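Peer 1: First the structure, then my questions, so here it is.
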């Protein structure tokens, strides 16, 4: 029987997760502004003398989803950055965890933003009960890496946390 050395998450990996989480929070601000201007149909920021009519797809559900996806995924990456010290995985497992976490967070968020822009849902190839079209199908196919990634990420997080917990005896 071979044993693999279990390590804690490196400081660099934790910092990279936190950086990406902060990037997603910043993206949520941008998406929030776009959502705000889509609802208004114009860029207006009183007391500034700005009043520009814009034509932004105004699917409030889509923009809300994109905004909340960026916040949720950003906070999740930040939580894993802090919680990484409580995981015990091999270097290879941490590498899989890291890339799965980034793919999950960014691709779920960008897919949700694309759905808001194109008025699609990206839940089924061909649209299913929702709007069909090329944009929907591309978003659907781009959604598979994060669907797989979230399962890898959560599975490895649970394994790493369990190993750490068991070592505390």
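Coordinate-derived values only; no laboratory data. Nothing here was measured: the structure is a model prediction, and the numbers come from that model. With ideal geometry, Cβ positions are generated from the backbone for all residues, glycine too; neighbour counts draw on all protein chains shown.
Peer 1: Compute the semi-axes of the equivalent ellipsoid of the chain, taking the square root of 5 times each eigenvalue of the Cα gyration tensor, and list them largest first in whole Å.
Peer 2: Value: 37, 20, 10 Å, ordered largest first.
Peer 1: Another question, then. Can you tell me the order of 69-78, 84-93 when each peptide is scored by its average per-residue count of other Cβ atoms within 10 angstrom, highest first?
Peer 2: Going by the mean number of other Cβ atoms within 10 Å, highest first, we get 69-78, 84-93.
Peer 1: To test your reading of the geometry: what angle, between 0 and 90 degrees and rounded to tens, separates the Cα axis of helix 144-167 from the longest principal axis of the chain?
Peer 2: 40
Peer 1: Could you tell me the relative contact order of the chain? Use alpha-carbon pairs under 8 Å, at least six residues apart, and round to a whole percent.
Peer 2: Averaging sequence separation for qualifying contacts and normalising by length gives 26 percent for the chain.
Peer 1: Let me ask you something else. Determine, from the Cβ-Cβ distance of residue 134 and residue 42 and an R0 of 30 Å, the FRET efficiency 1/(1 + (r/R0)^6), rounded to the nearest 0.05.
Peer 2: 0.50
Peer 1: Quick check on packing: order 141-150, 15-24 by the mean number of other C-beta atoms within 10 Å, highest mean leading.
Peer 2: 15-24, 141-150
Peer 1: Eigenvalues of the Cα gyration tensor times 5, then square-rooted: what semi-axes does that give for region 8-101, in whole angstrom, largest first?
Peer 2: Over the Cα atoms of region 8-101, the semi-axes work out to 38, 13, 8 Å.
Peer 1: Rounded, prolate or oblate, given the Cα gyration tensor of region 5-47, with a/c below 1.5 counting as rounded?
Peer 2: Prolate.
Peer 1: Further question: For region 52-121, rounded, prolate or oblate, judged on the Cα gyration tensor with a ≥ b ≥ c (square roots of eigenvalues), a/c < 1.5 rounded, else prolate if a/b > b/c?
Peer 2: It comes out prolate by the Cα gyration axes.
Peer 1: When the helices in the chain are scored as -39500 (n - 2.57) per DSSP H run of 4 or longer and the sum is shared across all residues, what 222 nm value do you end up with, to the nearest 500 deg cm²/dmol?
Peer 2: It comes out at -24000 deg cm²/dmol, rounded to the nearest 500.
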